1. Return the single residue from G127, G48, G102 with maximal mean-square fluctuation; model: Gaussian network over the chain, springs between Cα atoms under 10 Å.
2. Where only protein heavy atoms count, and the probe is 1.4 Å, what is the accessible area per residue for the chain in Å²?
3. Taking Cα atoms, how many degrees apart are the long axis of helix 58-72 and the longest axis of the chain, rounded to 10 and kept between 0 and 90?
4. In segment 1-74, what chymotrypsin sites (Phe, Trp or Tyr not before Pro) fall in a loop by DSSP, with at most 11 other Cβ atoms inside 10 Å?
5. Please give the helix 110-124 orientation as an angle from the longest Cα principal axis of the chain, in degrees from 0 to 90, rounded to the nearest 10.
6. GNM, the chain, Cα, under 10 Å: largest mean-square fluctuation among P126, P50, P95?
7. Would you mind calculating the relative contact order of the chain from Cα pairs under 8 angstrom and at least 6 residues apart, reporting the percent as a whole number?
8. With all protein chains present, how much of the accessible area of the chain (probe radius 1.4 Å) comes from carbon and sulfur, to the nearest whole percent?
Amino acid sequence: MQHDGILTVTKIFEFAYAHRLPSYAGKCVHPHGHTGRLEVEVAGLAGGSPYPGIVVDFHDLKAMLAPILDEVDHRCLDDVINAPAWADWAAAHLPRVRSETGEEVFAATAENMVLWVRHRLLTLYPGLDVRRLRWWESGTSYAEWRLA
Ligand SMILES: [Zn+2]
């Protein structure tokens, strides 16, 4: 069926995390916490939905995001973004910062975390048509990745 524009569904997740920004000239250099929110907007799944009139079942989307949420909820994201499991990806896609001890590391900024979520989704679900991701760091601040 033809529509003007594109039909998508969005699921919103809430979680808690800690981080700090190494060598940052501001208060975010100190360890602190956030109630974060992740918005995931998708336009479909390879093979389509088995039910007419559903892009992707919200319950299925929740189940798909569960392992990714597990990796960030109540975690220190400084450890998550620098984990060996995706070091090759991070080296190719994220800027490095020099920590106070002189070590080159990746900072768990909202911008880097939204790119990390996209990487995790692409790795786990290559057939998921992700159109937009928003990583909310507070009620008024988010970083967004969207399909160009
Ligand atoms: Zn922060």
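1. G102
2. Ligands and nucleic acids excluded, the figure is 59 Å² per residue.
3. 10 degrees
4. Answer in residue order: no site qualifies.
5. The angle comes out near 50 degrees.
6. P50
7. Result for the chain is 29 percent.
8. For the chain, the apolar C and S fraction of the accessible surface comes to 54 percent.
The values are calculated or read from the model by the stated rules, or taken from the named source; none is laboratory data. This one's a predicted model, so the numbers in the text were calculated from it and none came from an experiment. Heads up, the Cβs are rebuilt from the backbone with ideal geometry, glycines too, and the neighbour counts pull from every protein chain shown. For accessibility, only protein heavy atoms count, side chains too; no ligands or nucleic acids. Shrake-Rupley method; radii C 1.70, N 1.55, O 1.52, S 1.80 Å.
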